[in-house]
Ligand code: KIV
Ligand code: ZN
């Protein structure tokens, strides 16, 4: 059996489905290019029929990326497949990923159908996709809870219809590692034609077993792992790319290799975390802030004598080089440009000038500027075309004082001012903005997070604003958390006031 494991990254599809993680097309291209230079084999770029934005992203990523196969998701529906094929027309190598639920839960409750009818629909979808592209991947949604004997019949039928890759998702993250490994083994041993196609794993982390299940699947014959950067994804997330890549790099005894250029892992992880506003938990394997921090005296002593006494991975193998992380107020434009380049961001002269100006302002208030801070600065410039901008904010607040905010907004280059008092400075600022915007808006969720640590830190604000029955997500980052809150509110408003 071939021992090369193909890495299929679905950060831009399964990862991007997470509320609050949505990226615009420019940001998706940045991530796709970073994935290309990381060495992933397949990029799942979106679900084209789901929205014009997703369609457009698949088109633009197909144009921007050269080596990886670009994959587009569909349901087992002809219209979905036609739209996916259209979105993939610029891909150098395009793949349609079509499929249907195969567990009895899906057959009975989602489709009100029968096992035989589901096989017919699966075959019809694969055959239809084959009219447009040669490379067709089939997913058996909820395969984790699908009876193995029936799953084998579905998989055999879609292989006969021309599927080149068969994806076995543990959609609900229910399987135990041994059970998932046995499922793959069962398919290897019982499906005619399985040796002609690639078996893929697609595991979710609801019980914290996504990576373990993926590894068991591969040990038992799967040769494509579907993963996301930082394990980002629906609910508890997907299998994380960095864990799978480093497991096979560390366990040479397993005899499996990937094409991942592991020293690019750390920067890719930071980029995705920043662009998607999704912090990495400090103790996350491989890329968490504490993954290589030895705090106990015994460990520090051991590592100083010989790194391998307590570290199984050399931090440099994932690109973690402490010296490259920190920029300060004394860093020049070239240093910022270099850092942005490492993070996969190329700005034109004007963009760089603006980013550098903001960088210096931030560096005055914050001693060490890290990658997250830089991504925030650049993220702000990406939003420079917003219709409504915060032009001025002054807040008076304190113990025993009524909080009062004066706000000036720039709306399509016209200035509007308002003043309001509120229950705390953020409330005052939001009430003042509401006076200018005049809509029935309700702040539903409001979360402030520090990026690293220290009282001079940049605060990230995530906000959900309800308007006219819909929820809109807003985000901003600023060392001033009242300003970040006002900006996040305005960021959400920009999504429905045109
Ligand atoms: O989790 C899942 O089953 C999926 C499929 C659409 C592949 O994401
Ligand atoms: Zn999934």
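Is at least one residue of the range 182-195 under 28 Å from the mean Cα position of the chain (by Cα), assigned by TED's automatic domain parsing to the domain that holds residue 11 and more than 15 Å from ligand 1 (Cβ to nearest atom)?
Yes, there is a match, as at least one residue in the range 182-195 is under 28 Å from the mean Cα position of the chain (by Cα), assigned by TED's automatic domain parsing to the domain that holds residue 11 and more than 15 Å from ligand 1 (Cβ to nearest atom).
I'm trying to understand the selection: among the residues of the range 66-78, which are more than 24 Å from residue 151 (Cβ to Cβ) and either out of contact with any helix residue (DSSP H, G or I) (no Cβ under 7 Å at 6 or more places or on another chain) or part of a loop (DSSP other than H, G, I, E, B) (or both)?
Of everything in the range 66-78, those that are more than 24 Å from residue 151 (Cβ to Cβ) and either out of contact with any helix residue (DSSP H, G or I) (no Cβ under 7 Å at 6 or more places or on another chain) or part of a loop (DSSP other than H, G, I, E, B) (or both) turn out to be 66, 67, 68, 69.
Which one of these does residue 251 not meet: (1) surrounded by fewer than 19 Cβ atoms within 10 Å (Cβ to Cβ); (2) touching a residue at least 24 places away in the same chain (Cβ under 8 Å)?
(2)
When the residues of the range 237-274 are filtered to those that are assigned to a helix (DSSP H, G or I) and within 16 Å of ligand 2 (Cβ to nearest atom), which remaining residue is nearest to the chain's Cα centre (by Cα)?
Among those residues, the one meeting the criterion is 241.
Taking the criterion of being under 17 Å from residue 167 (Cβ atoms), away from ligand 1 (no atom under 16 Å from the Cβ), part of a loop (DSSP other than H, G, I, E, B) and touching a residue at least 60 places away in the same chain (Cβ under 8 Å), would at least one residue in the range 201-219 satisfy it?
No; the residues of the range 201-219 include none that is under 17 Å from residue 167 (Cβ atoms), away from ligand 1 (no atom under 16 Å from the Cβ), part of a loop (DSSP other than H, G, I, E, B) and touching a residue at least 60 places away in the same chain (Cβ under 8 Å).
What's the number of the condition residue 95 fails, among (1) within 18 Å of the chain's Cα centre (by Cα); (2) at pLDDT 95 or above?
(1)
All but one of (1) more than 16 Å from ligand 2 (Cβ to nearest atom); (2) farther than 18 Å from residue 136 by Cα; (3) at pLDDT 95 or above; (4) surrounded by 20 or more Cβ atoms within 10 Å (Cβ to Cβ) hold for residue 39; state the number of the condition that does not hold.
Residue 39 satisfies every listed condition except (4).
Which one of these does residue 234 not meet: (1) more than 16 Å from ligand 2 (Cβ to nearest atom); (2) outside any helix (DSSP H, G or I); (3) surrounded by fewer than 22 Cβ atoms within 10 Å (Cβ to Cβ)?
For residue 234, the failing item is (1).
Regarding residue 361, is this residue modelled with pLDDT under 80, farther than 23 Å from residue 289 by Cα and part of a helix (DSSP H, G or I)?
No, not satisfied.
Identify the residue in the range 220-231 that is more than 15 Å from ligand 1 (Cβ to nearest atom) and farther than 14 Å from residue 175 by Cβ and, among all such residues, is surrounded by the fewest Cβ atoms within 10 Å (Cβ to Cβ).
Checking each candidate, the answer is 221.
Within the group 92, 130, 110, which residue is in contact with a strand residue (DSSP E or B) (Cβ under 6 Å, 6 or more places away or on another chain) and surrounded by fewer than 16 Cβ atoms within 10 Å (Cβ to Cβ)?
110
Condition first: farther than 22 Å from residue 134 by Cα, away from ligand 2 (no atom under 16 Å from the Cβ) and either in the same structural domain as residue 268 (by TED's automatic domain parsing) or in contact (Cβ under 8 Å) with a residue 24 or more places away in the chain (or both). Can you find one or more residues in the range 61-68 that meet it?
No, because not a single residue in the range 61-68 is farther than 22 Å from residue 134 by Cα, away from ligand 2 (no atom under 16 Å from the Cβ) and either in the same structural domain as residue 268 (by TED's automatic domain parsing) or in contact (Cβ under 8 Å) with a residue 24 or more places away in the chain (or both).
Look at the range 111-129 and say how many of its residues are more than 22 Å from residue 201 (Cβ to Cβ) and either free of Cβ contacts under 8 Å to residues at least 12 places away in the same chain or within 29 Å of the chain's Cα centre (by Cα) (or both).
Of the residues in the range 111-129, 7 are more than 22 Å from residue 201 (Cβ to Cβ) and either free of Cβ contacts under 8 Å to residues at least 12 places away in the same chain or within 29 Å of the chain's Cα centre (by Cα) (or both).
Do we have residue 482 as part of a strand (DSSP E or B), buried (at least 18 other Cβ atoms within 10 Å of the Cβ), touching a strand residue (DSSP E or B) at 6+ places or on another chain (Cβ under 8 Å) and modelled with pLDDT of 90 or more here?
Judged against the criteria, residue 482 is not a match.
Considering the range 1-50 alone, what residues qualify as being part of a loop (DSSP other than H, G, I, E, B), away from ligand 1 (no atom under 16 Å from the Cβ) and closer than 19 Å to residue 375 by Cα?
Once the filter is applied, which keeps residues that are part of a loop (DSSP other than H, G, I, E, B), away from ligand 1 (no atom under 16 Å from the Cβ) and closer than 19 Å to residue 375 by Cα, the range 1-50 yields 20, 22, 23, 24.
Filter the range 159-178 for residues that are away from ligand 1 (no atom under 16 Å from the Cβ) and closer than 15 Å to residue 126 by Cβ; which is surrounded by the fewest Cβ atoms within 10 Å (Cβ to Cβ)?
Within the range 159-178, the match that is surrounded by the fewest Cβ atoms within 10 Å (Cβ to Cβ) is 160.
Does the range 2-20 contain any residue that is modelled with pLDDT under 95, farther than 22 Å from residue 200 by Cβ and in contact with a strand residue (DSSP E or B) (Cβ under 8 Å, 6 or more places away or on another chain)?
Scanning the range 2-20 turns up at least one residue that is modelled with pLDDT under 95, farther than 22 Å from residue 200 by Cβ and in contact with a strand residue (DSSP E or B) (Cβ under 8 Å, 6 or more places away or on another chain).
The values are calculated or read from the model by the stated rules, or taken from the named source; none is laboratory data. None of these values were measured; they are calculated from a predicted model. Neighbour counts are summed over all protein chains in view; Cβ atoms, including those assigned to glycine, are modelled from backbone coordinates with ideal geometry.
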